[in-house]
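Just so it is clear, none of the values below were taken in a lab; they were calculated from the coordinates. Keep in mind it's a predicted model, so treat the numbers as computed, not measured. Because the Cβ atoms are built from the backbone with ideal geometry, glycine has one as well, and the counts that use them run over all protein chains shown.
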Amino acid sequence: MAYGEWVINGIIPQWIESVDWSNYPQVTLNCAASPDEFIASARDEIKQFMDVACASINQIPLLNGGNDLQITSDGEIISLSEGDTEWQGAIYYPQFAEDSFSDSIIQWSLVLELLVTNLPSNITYVPDYRVYPNIDYNLWNGNEVGGAATKWPQTVAQSSAGAARNVSWSNPDNIGADDNVYASSYNNSGTPGWTYVLKASNFGFNIPTDMVIKRVVVKVRYANNSKIRSPAFKQASHRISLKGIGADSLNYPINYVQNSSPSTRRDAWWDTAYPTKNLAKIKTFSSNPSLYNSPNFTIWYWATLDRWKTCWVDSIRVSLYFEPAAQAVEPDSIGTEIGSMTIVEEREVKLVEVTGSACNIPSGPDGAWLEINGNRQKWHYSHNHNTGDTGTTGEETLSFTVEPPSNVLEFSTSTHYPYQVAGNTAEDNSGSRLKKVRVIYV
């Protein structure tokens, strides 16, 4: 989450260090303010929020879900947004303490009360469970074959790649290892712009050709002292583009945080395991390991640079996760059948209703089962009918009480192993096929 995406009554806080959602719909932004092109002193930014703040705010629960806000006459109901999500709400007076450094920087907190109307009492998830950002999905729960490899580029080049990218890099070859030795791009002009493109290639992967690529993670270890907002661009950013694997025209923003120097460097990442908004684009990537093994597989990286600011890059590294093709070819299973799964909700859950069946029900007292937060129940129907299956075709709904209520739901199943060359049996394929999962909140 890019903390710079918050807008409070039309104002973007200069610097948000962290966000606390634990008391939702109350949200706390932990901020810092310092003089810049927009404000003469750190106190000026805080004053902008004090002008619409309230001494007291009461959350009034509504019978049909959601809440209403009662505020004191000194404040206002205002518009708040984080990225694409918008609310009406109110803010308390900013909390801060001044010290000897307050002329240059003040750390302060802003507490928001969000107006949430018709808050739903439940939510239903349906396949494909991989696409939900709050679900960690695993098809198998054992016997997987495959692996992971992480590599750094052996070849680095740079290019303006268009007139808009006008600030070159010094020592670009330094991005080939996590060693605190940096490539740097310094904008010595009075005009904000973009860095040249760093082109990292020849990663040296040697993934066996009988494998398929299941996940790609790109991490950039960087620092950039451009402020999150600038007169020339609404919000500072940096981007990557993956070349040579079927996505040559696709560019992706990655999470940006302002850093004052390389000593405060951090990682920005892009991960196919969390597709969300980019799901349609991610499906265009090839799973063919030969493309990633090729020296033509390239990562492009570039960033906004404010005037008189610097971007440093310590490294660009790529991690590939792979498994045998036979194990991965489960077009009717992937995203629906599970070996294990975790759902994380913002609110506590008291009941989960699951509709589905076992893949197979082996003989023996344990049969096939699904367990949620320690509550285990057996399936009575199956659908795969491999050797040794004792079930009949059908579906049912199992109800799981979550006690104590929790916002983290841990799903586990009986044995669900990958495809076997000799064919699966009921013993190794007794996982769960979930047609829908209904979560009921406290």
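Below, the figures for the structure above:
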{"item": "Backbone HN-Hα couplings from phi across the range 174-183 [Karplus 6.51/-1.76/1.60, Hz, Gly and Pro as x]", "result": "6, 7, x, 6, 7, 9, 6, 10, 10, 8"}
{"item": "Label-point separation, Thr401 to Glu98 (7 Å along Cα→Cβ), nm", "result": "5.8"}
{"item": "For the range 336-347, Karplus couplings with θ = phi - 60° (6.51, -1.76, 1.60), whole Hz, Gly/Pro x", "result": "10, 7, 10, x, 7, 6, 10, 10, 10, 10, 6, 10"}
{"item": "Inter-probe distance in nm under a simple model that places probes 7 Å from Cα toward Cβ, at Asn9 and Arg376", "result": "5.6"}
{"item": "Cross-link pairs beyond the 29 Å C-alpha cut-off, checked among Lys350/Lys436; Lys350/Lys378; Lys199/Lys309; Lys350/Lys435; Lys47/Lys219", "result": "Lys47/Lys219"}
{"item": "Zone residues, the range 300-318, relative to Asn166, backbone N less than 17 Å from point 7 Å out along Cα-to-Cβ", "result": "303-311"}
{"item": "Sorted by Cβ neighbour density within 10 Å, fewest at the top, the residues Ser22, Ser109, Ser121", "result": "Ser22, Ser121, Ser109"}
{"item": "Which of Asp366, Asp428 has the fewest Cβ neighbours within 10 Å, and the rest in rising order", "result": "Asp366, Asp428"}
{"item": "Packing-based exposure ordering (other Cβ within 10 Å, fewest first) of Phe400, Phe322", "result": "Phe400, Phe322"}
{"item": "Amide proton proximity set for Asp389, modelled H, under 5 Å, gap of 5+", "result": "Ala426"}
{"item": "Calculated FRET value between Asn30 and Thr393, using beta carbons and R₀ = 60 Å, to 0.05", "result": "0.65"}
{"item": "For the range 339-406, fraction of C-alpha pairs farther apart than 17 Å, in %", "result": "46"}
{"item": "Gain in span if fully extended, Asn206 to Glu346, counting 0.36 nm per residue against the direct Cα distance", "result": "46.3 nm"}
{"item": "Estimated FRET transfer efficiency (Tyr186, Ile105; beta-carbon r; R0 22 Å; 0.05)", "result": "0.40"}
{"item": "Other-chain or far-sequence residues with amide H under 5 Å of Ile105's (modelled H)", "result": "none"}
{"item": "Radius 13 Å from Cβ of Thr387, net charge of other residues (Lys, Arg +1; Asp, Glu -1)", "result": "-3"}
